[in-house]
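Below: one structure, written as C-alpha cells.
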Amino acid sequence: DVESQKERVVTEEEWLQKWEMGNIGFHKEQGHPLLQKYLDVLLNGRSGLRIFFPLCGKAVEMKWLADMGHSVVGVELSEQAVKEFFSEHSLPYCEEQVPEISGGKMFQSTSGNISLYCCSIYDLSSSIVGKFDGVWDRGALVAVNPRDRQCYASLMINLVEKNSSYLLVTVSYDPNKHKGPPFYVPESEIKSLFG
Ligand code: SAH
C-alpha cells in the first residue's frame with residue numbers, strides 16, 4: 001500500500017534546511033557497496049564515460065568515478081552540499097552562472113572532470129547538460145516527491161544515450177510505517193516509469 005506516501009511533499013526549502021542543520025543521515029562517507037559490486041555493469045567495458053549523478057548531495061562516489069577517468073556531472077539544490085563536496089576532497093573549483101537557468105550555477109573542478117549544477121533537476125535538459133553513458137541513481141528517485149516521479153523519469157530517459165547503463169538503488173520497507181524520504185517505490189512502478 002503506497003497510498004500513504006502519495007501526497008507527501010518535501011519542499012526545496014526543507015532540503016536546504018536539512019543541509020544547514022547537518023541533518024544528512026543519507027550521506028555516507030564510504031562509497032556505496034552496490035556501486036562497487038555493479039561497477040562492471042555500469043561501465044560495460046567502456047572507459048572515459050560521462051556519468052550523471054541526479055540529486056547528488058556530496059556523494060563520494062563522484063570523486064571515485066572521476067579518479068577512474070570518467071567525467072562526472074551532478075545536480076544538487078544545495079550550494080552548501082556542492083561546496084562541501086569540493087572542500088572535503090580538497091578539489092579546487094570554479095563557479096559560473098548557467099545562462100539558461102535563472103539563478104542556476106555550475107561548479108566545476110579545475111581539472112574539469114567534475115561539474116556540479118546547483119539548481120533543481122527539473123531545470124535541466126539535454127541541451128544544457130548533454131547526454132550520459134551512465135547514471136548512478138542512489139537517494140534520487142527515492143527522494144523525489146511521489147507526485148513528481150513521472151516527470152523525473154521522463155527527464156532521466158531524455159538525458160541518457162541509447163547505449164547507457166542506469167544503476168538504481170531503491171529501498172524496500174512498509175510505507176505505512178515510515179513517511180519518507182526515502183520513499184518506497186515498488187518494482188512495478190519502476191517498470192512503468194522507465195519501461
Ligand atoms: N544522492 C545523494 C544524496 C541523496 S539525498 C547521496 O547518495 O548521498 C537527496 C538530495 O537531493 C539532497 O541532497 C537534496 O538537497 C537534493 N534534492 C532534493 N530535491 C532536489 C531537486 N529537485 N533538484 C536537485 N536536488 C534535489
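Say R0 is 22 Å: what FRET efficiency, to the nearest 0.05, do Val2 and Arg46 get from their beta-carbon distance?
Once rounded, the FRET efficiency stands at 0.05.
Contour minus end-to-end for Glu13 and Ser102, with contour as 0.36 nm per residue of separation and end-to-end as the Cα-Cα distance?
Difference between extended and current length: 30.3 nm.
Trypsin sites (Lys or Arg not before Pro) within the range 82-162: which are DSSP loop residues with at most 15 other Cβ atoms inside 10 Å?
Lys131
Provide the gained length on full extension for the span Lys37 to Ser154, in nm with one decimal, where the gain is 0.36 nm per separating residue minus the Cα-Cα distance.
39.4 nm
Grab the beta carbon distance between Glu95 and Asp174, set R0 = 41 Å, and tell me the FRET efficiency rounded to 0.05.
0.45
Roughly speaking, what is the centre-to-centre gap between the range 35-78 and the range 120-166 when only Cα atoms are used, to the nearest Å?
Answer, in whole Å: 14.
Suppose we keep just the DSSP beta bridges with both residues in the range 2-194; what percent of those would be antiparallel, to 5?
For the range 2-194, the DSSP antiparallel bridge percentage is about 35.
Over the range 2-194, what is the relative contact order in whole percent, taking alpha-carbon pairs under 8 Å and six or more residues apart?
The normalised contact order for the range 2-194 reaches 23 percent.
What residue among Asp133, Asp123, Asp40 shows peak mean-square fluctuation when the chain is described by a Gaussian network model with Cα springs under 10 Å?
Taking springs between Cα atoms under 10 Å, the residue moving most is Asp40.
Working out 0.36 nm times the residue gap between Glu84 and Ser188, then minus their Cα-Cα distance, what length gain in nm do you get to one decimal?
33.8 nm
No value in this document is a laboratory result; all are computed from the given coordinates. In this text, all values refer to a predicted model and were calculated from it rather than measured experimentally. For neighbour counting, all protein chains shown are included, and Cβ atoms are generated from backbone atoms with ideal geometry for every residue, glycine included.
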